[in-house]
Number of protein chains: 2
Amino acid sequence: VNGLHNLSEPNEQQSHGELFLTEAFKVIVEEAVRKGTDVNEKVCEWQEPEQLRALLDLELREHGESHKQLLQRVRDVAKYSVKTNHPRFFNQLFAGVDYHALTGRLLTETLNTSQYTYEVAPVFVLMEDVVLQKLRSLLGWNEGDGIFCPGGSISNMCAMNVARYWAFPQVKTQGLWALPRLAIFTSQESHYSTKKAAAFLGIGIDNIYHVKVNESGCMIPEDLEAKIVLAKSQGAVPFYVNATSGTTVQGAFDPLERIADISERNGMWMHVDAAWGGSVLLSQKHRHLVSGIERANSVTWNPHKMMMAGLQCSVFLLRDTTNLLMRCHCANATYLFQQDKFYDISLDTGDKSIQCGRKVDCLKLWLMWKAEGSQGLAERVEKAFAHTSALVEEMKKREGFQLVSEPQFVNVCFWYIPPSLRGKENNADYQDRLAKVAPTIKERMVKQGTMMLGYQPLEGRVNFFRMVILNPQLTKRDMIFFLDEIERLGKDL
Amino acid sequence: VNGLHNLSEPNEQQSHGELFLTEAFKVIVEEAVRKGTDVNEKVCEWQEPEQLRALLDLELREHGESHKQLLQRVRDVAKYSVKTNHPRFFNQLFAGVDYHALTGRLLTETLNTSQYTYEVAPVFVLMEDVVLQKLRSLLGWNEGDGIFCPGGSISNMCAMNVARYWAFPQVKTQGLWALPRLAIFTSQESHYSTKKAAAFLGIGIDNIYHVKVNESGCMIPEDLEAKIVLAKSQGAVPFYVNATSGTTVQGAFDPLERIADISERNGMWMHVDAAWGGSVLLSQKHRHLVSGIERANSVTWNPHKMMMAGLQCSVFLLRDTTNLLMRCHCANATYLFQQDKFYDISLDTGDKSIQCGRKVDCLKLWLMWKAEGSQGLAERVEKAFAHTSALVEEMKKREGFQLVSEPQFVNVCFWYIPPSLRGKENNADYQDRLAKVAPTIKERMVKQGTMMLGYQPLEGRVNFFRMVILNPQLTKRDMIFFLDEIERLGKDL
Ligand SMILES: Cc1ncc(COP(=O)(O)O)c(C=O)c1O
Ligand SMILES: Cc1ncc(COP(=O)(O)O)c(C=O)c1O
């Protein structure tokens, strides 16, 4: 039978493992860090899916591979991946690399613990608390609560769930059948996570009232009031308004003071989705964009976006001091959150989360903050704004660049009008032809690997580019390159 | 005004950054990898919270710190963190380190992309697909769907949401008000994430019917049938049964064939929470524990647990071939999922997720699999089972160790009965005194840092230990040490 014999093993595996790790790290630094940030290297190495599948040999087989083959795999994965650290990656609301944050991420991965209890994550329980406190203090809150979530969408979902529980605590036990129909308010240009949240939480997307925005994409408070009246007249109970600070496409800031007035008057929970724009709070010069945010009941803020902490890093912050988050989310699992522990069990914060195992997301942000100081982080934000206005100024000098709206933030939305279309605004096919310009330029830039930039249609406006400026490693040269490159890629269209 | 002047910057920052990263990596390897896996080092360095706060100096300040100070911070974070890689960490359902998986994690962090589109994650979109396919094939499915989620709790939530949409698609638009009251079935010993899901999805935890389990913790199918009848008699619509393969505490496997019969007969969605036990599928010898799993509609499986891929790594797998996952979760955001792209947009799988930005969680698992092969992974599972039965055998030889139940899996649940309590089972205070044994031993082991092990009460049984064996680096010596150490720490109680 099974004795304990033959279950011993030499430590060989361990030293082999460590050797592989160390060698692979060199490859990672070379390929993903050094080349990945080198402006003379490509930002992406486009391959057709079929080709890439063949190159990568992804299949998982019965037997393992050699040390050498595995190192080559590390190299290949790096080679064919998009270099989001690259100074010419403008495709998403994250970009660039912060070396201290990256160090924090590597340490997090190596320590591989879960954030639920003080017992298994003593450092990170205390650290999360300090980081949340710091972020709250920037909002203007001396007290409050919060938690790191796996992304802004889930932070926004948590906000909606906590708001619902705050308004109707019986929902946790009895479900929505015990409640009147609920109504949610958010702007037309707000992020789609509000839609996903309404569906997931069982509220239904038809119960979202989309509030109109102005030209720049900011919520029109008068229309919010009108929509609240409408919802009530349809028998629904307005309980939640989602205001956005920094919309995804245009970078618009909703007027928080006005929205707070309306929310208060109507007894609604006001959530601010500052996933993207929250970082303006770091700068004395630009924080006015979110004035009124201190009146919100809760805020989502993604340091993995503008602050460059690395994916995933998102916080859900609350002004509440009544332990609402815990009461709403707790399940009191006795196998994990024992009540007879030898230390202060209020440090076991895991039950505030909708998760069980929870990745440590605070260390990267904390280490970066320790390295940069609040001042260094503020400078980055200010630099991004300065780059943005410089770019806009330069664009205005060039024929062929047409702004969608004057930027409030670091999103620059514009059409590139190729020479063949200039002055043809009144032609019947102008919009159709313009709509095809951005996708074609995009295809060319990706296939050549010179830069990456997103485009989209929006509320009746045909495809336009969204340039996003956040990487402090950007230089004047990169901005000029950017404009020249769009012209180079699009002038024949 | 703002020109583009003064926005240039030397590349100095970059080379400083890289230097820091490289030096910090050495510290990480030394402190978190080498010492972290050394059986002669402590598994944890217990500090009272107040003391630890002072030692770490967590506060975030105006100014940044020096290179040297920051390196010290890396060292301190590692020092005071629990060494989950350590061979004597038995506290959770994850433990140990796989060096290839860790390499995959470091590469993931360095590449820092989001899993939503082929455009920004070409390698990982293809890789996720292959890994999901492989995992499905182990379930016995040639087709199907799936997605990586941030943890098993969220995978389980997605299962419940997809099931609800499958049964009542109008829920996505109209919410639960358009539906009859729903009923959920799960065993008494199932994971608490079903509770969190029911609350979060707006169904309410009172609409969960807890099915009785036998001594070992396996769901009793007759009681499932009875509970379905009960729910119907109370006017609720049974739509979802959650069966568990590998319960959290006892490691029990619910009888899937029987549950599948009942689910089919009642037109219910059958989900299998195999977050913990799914890995038995890797072993021909042990996969019988989940026979019938191929009849499930969906499965949760956490490779970050027994497979040692590292947190977070969880998959939600579906048998469906009708694009249900996408239809249920999609929000069709045009800024991200443009329809006029130059490549096959079915590769933009991000809208299947409830998230927007989504961490890459497939690479670590893929690289580990490439290194070990299916065979190597199977051997690990078999080794864990072998260690478990050897430990149980040894326990039975020692006075003072009393099993809670015969293990089905690699969880060994037991009471340690100190000499003073032996033979006193009939004393009035026996249970009260026994309940205090595990917490006291736990406190002692943590303060001495010799090992870590969890305990809990369960369904009327007072505090007992749960030993979890999964780390392939364990040796016979570690098992003997484990038993000796419990005796050493508890014999005076
Ligand atoms: C059976 C079972 N299901 C689900 C989960 C939740 O997984 P996660 O911690 O990844 O959320 C666990 C966690 O231990 C579990 O044991
Ligand atoms: C305004 C806004 N809110 C929320 C999110 C969602 O954040 P995440 O991608 O972390 O889910 C985004 C993402 O771009 C966003 O722009």
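Per residue, the range B:350-493 exposes an accessible area of 33 Å² to a 1.4 Å probe, with every protein chain left in place. Determine the sum of side-chain charges near A:A183: Lys and Arg each +1, Asp and Glu each -1, restricted to other residues whose C-beta is under 12 angstrom from that of A:A183. Around A:A183, the charge tally is +3. For the range A:163-228, the solvent-accessible area of protein heavy atoms averages 31 Å² per residue (probe radius 1.4 Å; ligands and nucleic acids excluded). Relative to the 2.2 N^0.38 Å rule of thumb, the range A:27-186 has a C-alpha radius of gyration ratio of 1.48.
What does DSSP give for chain A in terms of the percent of beta bridges that are antiparallel, rounded to the nearest 5?
Numbers: 22 of 41 bridges.
Here the antiparallel bridges make up roughly 55 percent for chain A.
Label reach from A:K436 (point 7 Å along Cα→C-beta): in the range B:324-365, amide nitrogens under 17 Å belong to B:339-343. The residue list A:G350, A:L363, A:S389 was ranked by how far each Cα lies along the charge dipole of the range A:340-401 toward its positive end, using unit charges on Cβ atoms, and A:S389 comes out on top.
Shape analysis of the range A:106-173 yields a ratio of the Cα radius of gyration to the Kirkwood radius, Rg/Rh, of 1.04. Equivalent ellipsoid of the range A:14-95: semi-axes from √(5λ) of the C-alpha gyration tensor, largest first, are 25, 18, 9 Å.
Listed cross-link partners A:K424/A:K491; A:K227/B:K196; A:K359/B:K359 are compared with a 21 Å cut-off, the Cα-Cα value being larger for A:K227/B:K196. Give me the Debye-computed log₁₀ of I(q)/I(0) at q = 0.06, 0.07, 0.10 Å⁻¹ for the protein assembly as shown, equal point scatterers on Cα only, no solvent, two decimals. With no solvent term, the Cα-only Debye profile gives -0.41, -0.57, -1.21. A point 7 Å from Cα along Cα→Cβ stands in for A:E50, and the other copies hold the same point at 7.0 nm, listed in rising order. Our summary gives the range B:160-318 a relative contact order of 18 percent, counting only alpha carbon pairs under 8 angstrom and 6 or more residues apart. Per-residue extension of 0.36 nm, minus the Cα-Cα distance of B:Q402 and B:E425, leaves a gain of 7.1 nm for this segment.
Between this copy and the others, label points of B:N332 are 4.4 nm apart in ascending order, each placed 7 angstrom from Cα in the Cβ direction.
With the convex hull of the Cα atoms taken as the outline of the range A:153-201, the averaged projected area works out to 3.4 nm².
Our estimate of slack between A:V39 and A:D492, defined as 0.36 nm per intervening residue step minus the Cα-Cα distance, is 160.5 nm. Spatially, the range A:208-243 and the range B:54-78 are offset by 46 Å when compared through their Cα centroids. Counts of other chain beta carbons within 10 angstrom of each beta carbon in peptide A:174-183 average 6. Remark on the range B:348-405: Rg and Dmax equal 19.9, 59 Å (Cα only). Computed over the range A:362-465, the alpha-carbon pair-distance distribution with 5 angstrom bins reads 2, 10, 16, 18, 17, 13, 9, 8, 4, 3, 2, 0, each value a whole percent. Summary for B:K232: label point 7 Å along Cα→Cβ; distances to the equivalent points in the other copies, ascending, 4.5 nm. Summed over qualifying helices (DSSP H, 4 residues or more, each -39500 (n - 2.57)) and divided by its residue number, chain A shows a 222 nm mean residue ellipticity of -13000 deg cm²/dmol.
A plus B alone minus the pair: what accessible area, both sides summed, probe 1.4 Å, in Å² to 100? List each step's numbers first, then the result.
Values: alone 23700 and 23690 Å², together 31820 Å².
Accessible area lost upon association: around 15600 Å².
The portion of the accessible surface of the protein assembly as shown made up by carbon and sulfur, rounded to a whole percent, is 48 (1.4 Å probe; DNA, RNA and ligands excluded). With a Förster radius of 35 Å applied to the C-beta separation of B:I480 and A:S15, the computed FRET efficiency comes to 0.90. So what is log10(I(q)/I(0)) for the range A:388-446 at q = 0.23 1/Å, when the Debye sum runs over its Cα atoms only? Here log10 of I(q) over I(0) equals -1.03.
Step by step: find N for the range B:179-259, compute 2.2 N^0.38 Å, then divide the Cα radius of gyration by it. What's the final number?
Values: Rg = 12.2 Å, N = 81, 2.2 N^0.38 = 11.7 Å.
Here the answer is 1.04, to two decimals.
Pairwise alpha-carbon distances in the range A:245-347 exceed 23 Å for 42% of all pairs. Of the trypsin sites (Lys or Arg not before Pro) found in the range A:40-86, those that fall in a DSSP loop while having at most 15 other beta-carbon atoms within 10 Å are A:R61.
Tell me, rounded to the nearest percent, the portion of alpha carbon pairs in chain A spaced more than 44 Å apart. Numbers along the way, then the final one.
On the way: 25631 of 121278 pairs.
More than 44 Å apart: 21 percent of the Cα pairs in chain A.
Taking a threshold of 19 Å on the Cα-Cα distance, which of the pairs A:K364/B:K79; A:K370/B:K35; A:K35/B:K341; B:K26/B:K305; A:K83/A:K447; A:K79/A:K447 fall above it? Kindly include the intermediate steps, with their values, before the conclusion.
On the way: A:K364/B:K79 17 Å; A:K370/B:K35 25 Å; A:K35/B:K341 27 Å; B:K26/B:K305 27 Å; A:K83/A:K447 14 Å; A:K79/A:K447 15 Å.
From the list (A:K364/B:K79; A:K370/B:K35; A:K35/B:K341; B:K26/B:K305; A:K83/A:K447; A:K79/A:K447), the Cα-Cα distance tops 19 Å for A:K370/B:K35; A:K35/B:K341; B:K26/B:K305.
The values are calculated or read from the model by the stated rules, or taken from the named source; none is laboratory data. Values in this document were obtained by computation on a predicted structure and should not be read as measured data. All Cβ positions, even for glycine, are placed from backbone atoms using ideal geometry, and neighbour counts span all protein chains on display. Ligands, DNA and RNA are stripped out before the accessible areas are found, and what is left, the full protein with its side chains, is counted by its heavy atoms. Shrake-Rupley method; radii C 1.70, N 1.55, O 1.52, S 1.80 Å.
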